[in-house]
Every structure is written in C-alpha cells, then in structure tokens.
Amino acid sequence: MEESEKLKRVVDARMKLKARFEEKIKLTPSVADNKPMGKGNPNRHGMPVLPVGQTITKKWPVLDLGIQPDISLAKWRLVLDGEVENPIELNWQEFMALPQTDDVSDFHCVTTWSKLDISWKGVRLLDLAALAQPKETATHILCYGYDDYTTNVSLEETLKPDVLLVHTVEGKPLPKEHGGPVRMITPQLYAWKGSKWINRIEFLKGNKLGFWEERGYSNTAYPWRNDRYS
Ligand SMILES: Nc1nc2c(c(=O)[nH]1)N[C@H]1C(S)=C(S)[C@@H](COP(=O)(O)O)O[C@H]1N2
Ligand SMILES: [Mo]
C-alpha cells in the first residue's frame, strides 16, 4: 500500500471514532468537569483504575501513521530549541550520560485501550528542559518524530516528573514499533501526546497544533476528564 493511502486510512478510522465519542461525551457531561484531582498512585490520582471509556489490554497495540522509521543509534539526534536560552542537540552518548529515571506508569490511548503498570527507563523532560532553559515566554512544546508526526503539550504538563523520554521498557531496549530508540511518554495525558521516534522538542511562545490536534483532538487530553476531542 502507498504511504499516503495508509495515512488516509489511519486518519479516516480516527475521525470515525472521534464522531462516535463526541456523541457519547454529550450524554455524560459530568465526566468532563474541572474537579481537582486528589492524591493517589502517580498517574491515577486516587481515581478508579481506569478512566471512563477505557478498557484494559494486556497486549500492547501499535499505533502509527503507517511508517515506522528506522533510526540507528549512530544517526539518532535530539534537538531542543525555540523559546529557550540555550538550544541543544544531543547524540545518543550525550543523552545516555544524563541522569536516568525509572518509573512505572499507565498508558491510555484515545482509541479506548489502556495498558497499566508499564516499567520505563529514560530521561526526564524536566532534566532536559533544565539544560535548554525555557524562556519566561515559553508556554508549550511541539514535539517532532522522525516520521514527521507532531504533537503539542503545555509546559506545565511537560514538566511533570513522570514525563520521560524513554529508551527502555520492562528492562529491554524500546522496540522500533513502539518508537525506539527513544520516545516520549505522558502518563497523565492520552498517549498520542508522547511522540515516538522523537527527534525535536520545540519550545513555543503560545500554542501550535500538532498532527491530531489539527484534526480535532484535544489540546489538553486529560484521560481522567474524558477530554478526547475539542
Ligand atoms: N511519532 C509518532 N508518535 C506517536 C504516534 C505516531 O503515529 N507517530 N502515535 C501516537 C498514538 S495515537 C499513540 S496511542 C501512541 C501509541 O504508542 P504505541 O504504538 O507504542 O502503542 O503513540 C503516539 N505517538
Ligand atoms: Mo492513540
């Protein structure tokens, strides 16, 4: 299949799901409220194990735009630029020399599956941001994958301690189909906010929409508020 045809199918399927959910969400307005989230497990906030509309999967589905780029460790680079005092470009060795964080967190896909208690290892985005030094005027980031995927996240969500750029899952190198060598994870947001095959993080003055956000997905993407589409 042509790559453009694959992409069209992915987008069409997603837009159908979006239409279905928009109808459902109208029937349950209370789940989209702004109640403060209490204490609890790191990304469960003391709430039930699953956000509304989700079901548990033991398998780990693969979602992409029809392309899985092949990035060798020698070629891989990570750029942090835009609204920062100190733009940086890291190679694999430099990235691996940064402080490493282990964490266990959940993974909620907007297409309704959730995978719980995944064990990750990687570098905190907070630690990377500390190197690049976002300016006072920075409010969001736009992440770019090697497959030309983009997604935007607000700075306050970006800097939460469980937001990692991971290279290891369950003690093994992150497989290519899940975004290896390095992907981002956003346990407190729907998983589309975590770019696979991550290559660049642009700090922004104001917001810019990413691939799915341009197609009507939420800017904020809080699973616990059923905040799927905007
Ligand atoms: N670069 C890139 N990142 C991406 C995607 C993608 O297509 N390209 N899909 C997103 C979506 S919709 C989800 S749910 C997760 C899926 O990750 P997985 O394939 O490892 O389950 O990656 C997100 N990050
Ligand atoms: Mo997703």
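The values are calculated or read from the model by the stated rules, or taken from the named source; none is laboratory data. All values derive from a computational prediction rather than experimental measurement. Positions of Cβ are generated from backbone atoms using ideal geometry, with glycine treated the same way; all protein chains shown enter the neighbour counts. Heads up: the accessible areas ignore ligands, DNA and RNA and are worked out on the full protein's heavy atoms, side chains in. Shrake-Rupley method; radii C 1.70, N 1.55, O 1.52, S 1.80 Å.
The table below gives the values:
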read-out	value
Solvent-accessible area per residue, Å², over the stretch 93-230 with all protein chains present [probe radius 1.4 Å]	36
Residue-level accessible surface for TYR146, protein heavy atoms, 1.4 Å, Å²	70
Cβ-defined net charge surrounding VAL84, 15 Å radius [Lys, Arg +1; Asp, Glu -1]	-4
Cα gyration tensor shape of the stretch 39-171, rounded if a/c is under 1.5, else prolate or oblate by comparing a/b with b/c	prolate
Helix axis angle, 3-27 relative to the chain longest principal axis, alpha carbon, degrees	50
Heavy-atom SASA rank of ARG124, ARG9 (probe 1.4 Å, accessible area, largest first)	ARG9, ARG124
Within straight-line cross-link reach of LYS16, aspartates and glutamates at Cα separation under 18 Å, skipping those fewer than 8 residues along the same chain	GLU5, ASP64, GLU213, GLU214, ASP227
Solvent accessible area, Å² - THR139, 1.4 Å probe, full protein context	50
The chain, accessible surface, carbon-and-sulfur percent (1.4 angstrom probe)	54
Reachable lysines from LYS18, criterion Cα separation under 19 angstrom, eight or more residues apart if same chain	LYS6, LYS8, LYS26, LYS193
Accessible-area value, GLU2, 1.4 Å probe, nucleic acids and ligands omitted, Å²	130
Shape of the chain, Cα gyration tensor, a/c cut at 1.5	rounded
Above-threshold pairs, the threshold being 24 Å between Cα atoms, out of LYS176/LYS205; LYS59/LYS208; LYS121/LYS176; LYS75/LYS160	LYS176/LYS205; LYS59/LYS208; LYS75/LYS160
Prolate/oblate/rounded label for the stretch 142-199 (Cα gyration tensor, a/c 1.5)	oblate
Full-stretch length increase - THR220, GLU156 - with 0.36 nm per residue and alpha-carbon distance subtracted	22.0 nm
222 nm mean residue ellipticity, helices alone, for the chain (DSSP H n ≥ 4; -39,500 (n - 2.57); rounded to 500)	-5500 deg cm²/dmol
